[in-house]
Every structure is written in C-alpha cells, then in structure tokens.
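Contents: one structure, followed by commentary.
Bear in mind that the values in this text are calculations on the coordinates, not laboratory data. Keep in mind the model is a prediction, meaning the values are calculated, not measured. With ideal geometry, Cβ positions are generated from the backbone for all residues, glycine too; neighbour counts draw on all protein chains shown.
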Amino acid sequence: MQLYHWCDMMTWSKHWHCVAPYSSLQFSDFFCSILSFWVTLLAVAKMNRQLRFMLFITGLFALMMPVHMNRFGITTNIVPIIVGVCIVIISWVSVSTLVVSCCSVDLNMFILSVAI
C-alpha cells in the first residue's frame, strides 16, 4: 500500500502519477498497517473461530473512523495494540488455567522430568 508515495514525487520531479487522491491512498496505507497489528494479535490468541472472526470484523469497523479522523495520532495506533495484547493475555491465561485444572500436573514431578 505504498502507492501514495508516488504522489510525493510531484514536489521534486516533473513526472509523477497518482492512481487515486493522495488522502485516500494515505488512509488506506495507515488503516492497513494498524489493521495488520489487530489481525496478527487476534490470530495469536487462543479462541474459537466464530469469536475470532467476529473480533476481526468489529475491529475493522472500530478502527476505520479513528484512522480517518486522525491517522497520525498516537492513540489511533496504541489503543488497538493494547486491546489486542489484552485479548491475547486473557485467552492464554484462560486456556492455561483450563489445562492445569484438567490435568493437575504435580509440579515436583514436572521439574524432575525436565531435569532428567
């Protein structure tokens, strides 16, 4: 999505081509870069498929307006990353507590088996 950099050439070159309005290309670039963080963090989280896809679409629509209003703002970039990391942590903790409660592994036996 680096097409909007072609439009930057008009300041120093007499041959430049813009395939779309500069602001549209810039919005698409910033939106896709922030959305890639969101999608990657949700892909790492341990959750069922329907919930993951629902969060993909919810995040897509929730990110669209802040990126459009202020694509250079720090909160536009930080908030989805923090929320995504929290979702990953919550999902990993919930899965690990389920596994520990199901299996109830003796910690001393585990350490002994790893040491051998």
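Label points 7 Å out from Cα along the Cβ direction at Arg52 and Cys18: separation in nm?
That separation, rounded to one decimal, is 4.0 nm.
List, in order, the whole-Hz ³J(HN,Hα) value for each residue of segment 23-39 obtained from phi through the Karplus relation with A = 6.51, B = -1.76, C = 1.60 and θ = phi - 60°; use x for Gly and Pro.
Once θ is set to phi - 60°, the couplings for segment 23-39 become 5, 5, 5, 5, 4, 4, 5, 5, 5, 5, 5, 6, 5, 5, 4, 4, 5 Hz.
Calculate, for Asn70 and Val44, the FRET efficiency according to 1/(1 + (r/R0)^6) with r their C-beta to C-beta distance and R0 41 Å; round to the nearest 0.05.
E(calc), rounded to 0.05, equals 0.90.
What nm distance separates the two modelled labels at Trp92 and Ser36, each placed 7 Å from Cα along Cα→Cβ?
2.2
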